[in-house]
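Novice: Sharing a structure below in structure tokens format, with a few things to ask.
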Amino acid sequence: MRASWKGSISFGLVSIPVKMYPATVTKEVKFTLLHSADGGRIRYRKVCEKCGKEVSNDEIVKGYQISKNEYVILTDEDFEKIPLKSVKNLEIKQFFDPSELNLIYYSGFYYLVPDRGGEKAYYLLREAMRETSSMALGKVGMRGRENLIALRAFDGGILLAKLHYIDEIRNPEEIPGWGVSVDVSEEELELAKKLVIAMKKPLRLEEFRDEYKEALIKLIDAKLAGKEVRISEEVEAAESLMDALKASLESVKS
């Protein structure tokens, strides 16, 4: 497997050569777009609006718009001139308690492993974070931007989490319906709490699977075999919220 990034972690005067690998794998069912009339593949082409010609990737440059139809052109050489140490070095800025980092800031996850010669320093960093229940905050440059990241001891190694910067998080107050408050009876609230407690149990993610993907594969197999596809029946709705809460609680208990 090819590493997504190679460089070093530094905290204080300690430098640790590391390699980064994606922690997740996408397993979605992929489709090809086809023309409904003749079944031909639909392809997206890069066409210049000015001359109307299709252009290849090596003819394309990046432009930053400063006014209508006016751009500052930046080449690969220009990007390489940006004086960022984080392109090859992940500097830890501080350590903090994991409870301080809200779930909404997490963006993506990677595994960090030691590169040759960095095993001892890597182990010390991992164990120091684990035994102090701490996470590390730093920045790393990759894929055209400087990413805010967090490190945490995880399952025998170090997990790197890409984070959103605070100005990338939308204010929920801008969302219609956010923070809604309505009057409910004490009985309704107590029933809802009992239902939550009855459904609460240790988290076991291995018990869950992508049932939509499984149904989609069955649908494709059925169409290939020329079989009729059955539609599942809809769940019958309760007459009222109170009835729904009572029925749900009885179902969980049974």
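The values are calculated or read from the model by the stated rules, or taken from the named source; none is laboratory data. Remember, it's a predicted structure, so these values are computed and weren't measured experimentally. Ideal geometry is used to build each Cβ from the backbone, glycine not excepted, and the neighbour counts take in all protein chains shown.
Novice: Scanning the range 175-218 for residues that are assigned to a helix (DSSP H, G or I) and among the basic types (K, R), which turns out surrounded by the most Cβ atoms within 10 Å (Cβ to Cβ)?
Specialist: K194
Novice: Working only within the range 55-82, note down all residues that are part of a strand (DSSP E or B) and either loosely packed, with under 10 Cβ neighbours inside 10 Å or in contact (Cβ under 8 Å) with a residue 12 or more places away in the chain (or both). Steps first, please.
Specialist: Let us first name the residues in the range 55-82 that are part of a strand (DSSP E or B), namely 62-67, 70-74.
Answer for the range 55-82, where residues must be part of a strand (DSSP E or B) and either loosely packed, with under 10 Cβ neighbours inside 10 Å or in contact (Cβ under 8 Å) with a residue 12 or more places away in the chain (or both): K62, Y64, Q65, I66, S67, E70, I73, L74.
Novice: Does L34 fit the bill of being out of contact with any helix residue (DSSP H, G or I) (no Cβ under 6 Å at 6 or more places or on another chain) and surrounded by 13 or more Cβ atoms within 10 Å (Cβ to Cβ)? Working first, answer last.
Specialist: Details: out of contact with any helix residue (DSSP H, G or I) (no Cβ under 6 Å at 6 or more places or on another chain): yes; surrounded by 13 or more Cβ atoms within 10 Å (Cβ to Cβ): no.
For L34, the condition - out of contact with any helix residue (DSSP H, G or I) (no Cβ under 6 Å at 6 or more places or on another chain) and surrounded by 13 or more Cβ atoms within 10 Å (Cβ to Cβ) - is not met.
Novice: Same structure, new question: Criterion first (over 22 Å from the mean Cα position of the chain (by Cα), modelled with pLDDT of 95 or more, in a strand (DSSP E or B) and hydrophobic (A, V, I, L, M, F, W, C)) does F109 satisfy it?
Specialist: Considered against the rule, which asks whether it is over 22 Å from the mean Cα position of the chain (by Cα), modelled with pLDDT of 95 or more, in a strand (DSSP E or B) and hydrophobic (A, V, I, L, M, F, W, C), F109 comes out as no.
Novice: Specify the residue that is modelled with the highest pLDDT; the eligible residues are those in the range 13-31 that are aliphatic (A, V, I, L, M) and exposed (fewer than 10 other Cβ atoms within 10 Å of the Cβ). Spell out the reasoning first.
Specialist: Our first condition is that a residue be aliphatic (A, V, I, L, M); within the range 13-31, this holds for 13-14, 16, 18, 20, 23, 25, 29.
If we keep only those that are exposed (fewer than 10 other Cβ atoms within 10 Å of the Cβ) as well, we get 13, 25.
Details: L13: 83, V25: 88.
Taking the candidates together, the pick is V25.
Novice: Here is a further query. Being more than 13 Å from I9 (Cα to Cα), out of contact with any strand residue (DSSP E or B) (no Cβ under 7 Å at 6 or more places or on another chain) and either surrounded by 13 or more Cβ atoms within 10 Å (Cβ to Cβ) or of a type in the set (F, W, Y) (or both): is that true of A128 here?
Specialist: Yes, satisfied.
Novice: What's the number of the only condition in (1) modelled with pLDDT of 90 or more; (2) exposed (fewer than 12 other Cβ atoms within 10 Å of the Cβ); (3) among the aliphatic types (A, V, I, L, M) that A225 fails to meet?
Specialist: (1)
Novice: Let me ask something else. Quick one: D155 ticks every box in (1) modelled with pLDDT under 90; (2) within 31 Å of the chain's Cα centre (by Cα); (3) at positive phi except a single one, so which number is it?
Specialist: Result: D155 passes all but (1).
Each row is one residue, and each column tells you yes or no for (1) at pLDDT 90 or above; (2) touching a Cys at 6+ places or on another chain (Cβ under 9 Å); (3) surrounded by 10 or more Cβ atoms within 10 Å (Cβ to Cβ).
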{"residue": "F11", "(1), (2), (3)": "no, no, yes"}
{"residue": "G39", "(1), (2), (3)": "no, no, no"}
{"residue": "L90", "(1), (2), (3)": "no, no, yes"}
{"residue": "P98", "(1), (2), (3)": "yes, no, yes"}
